[in-house]
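The values are calculated or read from the model by the stated rules, or taken from the named source; none is laboratory data. Just so it is clear, the structure is predicted and the values come from calculations on it, not from any experiment. Counting neighbours? That spans all protein chains shown, and the Cβs are built from the backbone with ideal geometry, glycine included. Heads up: the accessible areas ignore ligands, DNA and RNA and are worked out on the full protein's heavy atoms, side chains in. Shrake-Rupley method; radii C 1.70, N 1.55, O 1.52, S 1.80 Å.
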Amino acid sequence: MKVAVILGTRPEIIKLSPVIRALIREKIPFVFIHTNQHYSKEMDEIFFKDLKLPQPDYNLGISGARGHGEMTGKMLIKIEKVLLKEKPDVVIVQGDTNTTLAGALAAVKLHIKTAHVEAGLRSYDRKMPEEINRVITDHISDFLFAPTENQKRILINEGINQEKIFVTGNTVVDAVFQNLKIAEERNFKNKYKKDSYFLLTLHRPENVDCEEKLRFIIKSLEEAYVKFKTPYFFPIHPRTEKNIDLFKIKLDRKIFNVVKPISYLEMLVAAKNAKAVLTDSGGLQEESCILKVPCITIRTSTERPETIEVGANVLVNIEYNNLYTFIKKMLNRPRIWKNPFGDGKAGERITRILKEYYSL
């Protein structure tokens, strides 16, 4: 069996890191393709080094593409050329990015088996490009690695043959525990005093591209600060920083400790030691749940409903709700929820399932 691992963003690198490590342990040949959907040469090289992962065999240089159509089209062209050259038996993609969709489409059209890690997630919000990507990828894949039974039910209800579906747990659990060990070797924890700050991240277009909405979010955060007297540690996304400057929004530095983006390893430590996490990220909803840190998600929908069901997360439509009320609710909730995403062995299971299939 020869595998092609296709990824293009840092969240994909994080969530596929346990699979890549399992492939290496099992001595399974694989080719590593990075589309560079989100790419900085210095940051990415350091990122792979920090996580103790091999550098990609191919960097496709798609990061300059504008718009979903141009980006996905360029990826299809370049991925197809690599797959024709390398001739893998199976392609592994993860999640819901344009890279995920392009990798799956390129493989399927070449009659190469496709494995989708984190299959079955649904927000039921078709305005999100991620929702389109994940739905299409699920319906063309041969192996659907669902994190939980809930996602398996969703896939079956959509008419997908259940013989293709495997409940493996979520690789995010493996990634958190494996990478937290690496992070703690760096001694970041001395930088983050337990429960002395709220961790804040904002980057989604629906939150930061509209001036009125972004101003409203900042005002709500300031009002909550008056009640809690707890500052926000705010690693600022480039998109958010650009719009705050564009809209001439002033951030009170006593309230917002704004810093440039931090490494994934440092972010894990920052999340672990936070009093609570306020975010519009998908991955942080999962990571805070696993780390037993309460999460307040500033969105109208989520594809991680399990975090809400177990009591680790609350969804806030900030335009119609008082943010302070929800922060208070989460801080008063005991941190005794059960991690719904598995036992941290998803990467091993995924590798074993593929190995068993190809040894038949």
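Please enumerate the residues belonging to segment 298-323 that are open to solvent by 40 Å² or more (accessible area, probe 1.4 Å) and more than 21 Å from Pro147 (Cα to Cα). Across segment 298-323, the qualifying residues are Thr300, Asn317, Glu319, Tyr320, Asn321, Asn322.
Selection within segment 154-176: residues that are in a helix (DSSP H, G or I) and free of Cβ contacts under 8 Å to residues at least 24 places away in the same chain. The member of this set that is most open to solvent (accessible area, probe 1.4 Å) is Glu163.
Got at least one residue in segment 316-333 being within 18 Å of Val176 (Cβ to Cβ) and touching a Lys or Arg at 6+ places or on another chain (Cβ under 9 Å)?
Looking through segment 316-333, none of the residues is within 18 Å of Val176 (Cβ to Cβ) and touching a Lys or Arg at 6+ places or on another chain (Cβ under 9 Å).
Glu185 falls short on exactly one of the conditions (1) open to solvent by 20 Å² or more (accessible area, probe 1.4 Å); (2) under 28 Å from Ile13 (Cα atoms); (3) touching a residue at least 24 places away in the same chain (Cβ under 8 Å); (4) among the acidic types (Asp, Glu), and that condition is (3). Would you confirm whether or not segment 282-297 contains a residue that is closer than 26 Å to Glu212 by Cβ, in contact with an Asp or Glu (Cβ under 8 Å, 6 or more places away or on another chain) and open to solvent by less than 60 Å² (accessible area, probe 1.4 Å)? There is at least one residue in segment 282-297 that is closer than 26 Å to Glu212 by Cβ, in contact with an Asp or Glu (Cβ under 8 Å, 6 or more places away or on another chain) and open to solvent by less than 60 Å² (accessible area, probe 1.4 Å). When Phe326 is tested against (1) assigned to a loop (DSSP other than H, G, I, E, B); (2) without any contact (Cβ under 8 Å) to a residue 60 or more places away in the chain; (3) surrounded by 14 or more Cβ atoms within 10 Å (Cβ to Cβ); (4) not polar (S, T, N, Q), exactly one condition is not met: (1).
Matching residues to (1) among the hydroxyl-bearing types (Ser, Thr, Tyr); (2) outside any strand (DSSP E or B):
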{"site": "Thr230", "(1), (2)": "yes, yes"}
{"site": "Phe234", "(1), (2)": "no, no"}
{"site": "Lys242", "(1), (2)": "no, yes"}
{"site": "Leu251", "(1), (2)": "no, yes"}
{"site": "Lys254", "(1), (2)": "no, yes"}
{"site": "Val258", "(1), (2)": "no, no"}
{"site": "Ala271", "(1), (2)": "no, yes"}
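Residues that are among the polar types (S, T, N, Q), open to solvent by 20 Å² or more (accessible area, probe 1.4 Å) and closer than 30 Å to Pro147 by Cβ within segment 244-281 comprise Ser263, Asn273, Ser281, listed in sequence order.
Filtered by the rule that a residue be surrounded by fewer than 19 Cβ atoms within 10 Å (Cβ to Cβ) and assigned to a helix (DSSP H, G or I), segment 138-153 gives His139, Ile140, Glu149, Asn150, Arg153. Residues that are charged (D, E, K, R) and at pLDDT 95 or above were ranked within segment 229-247; the one that is nearest to the chain's Cα centre (by Cα) is Glu241.
If Ile28 satisfies all but one of (1) of a type outside the set (Asp, Glu); (2) open to solvent by 20 Å² or more (accessible area, probe 1.4 Å); (3) within 20 Å of Ile350 (Cβ to Cβ); (4) in a loop (DSSP other than H, G, I, E, B), what's the number of the condition it fails? Result: Ile28 passes all but (2).
For segment 109-137, a residue qualifies if it is open to solvent by 50 Å² or more (accessible area, probe 1.4 Å), in contact with a strand residue (DSSP E or B) (Cβ under 7 Å, 6 or more places away or on another chain) and either assigned to a helix (DSSP H, G or I) or under 26 Å from Glu206 (Cα atoms) (or both), but none of them does.
Within segment 329-342, restricting attention to residues that are assigned to a helix (DSSP H, G or I) and among the aliphatic types (A, V, I, L, M), the residue that is surrounded by the most Cβ atoms within 10 Å (Cβ to Cβ) is Met330. Of the residues making up segment 293-306, just one is out of contact with any Ser or Thr (no Cβ under 8 Å at 6 or more places or on another chain) and not in a loop (DSSP other than H, G, I, E, B), namely Pro305.
Every condition in (1) over 22 Å from Gly283 (Cα atoms); (2) part of a helix (DSSP H, G or I) holds for Val91 except the one numbered (2).
Scanning segment 49-76 for residues being in contact (Cβ under 8 Å) with a residue 40 or more places away in the chain, under 22 Å from Leu23 (Cα atoms) and surrounded by fewer than 19 Cβ atoms within 10 Å (Cβ to Cβ) gives a total of 3. Taken over segment 343-359, the criterion of being modelled with pLDDT under 95 and open to solvent by less than 80 Å² (accessible area, probe 1.4 Å) is satisfied by Tyr358 alone.
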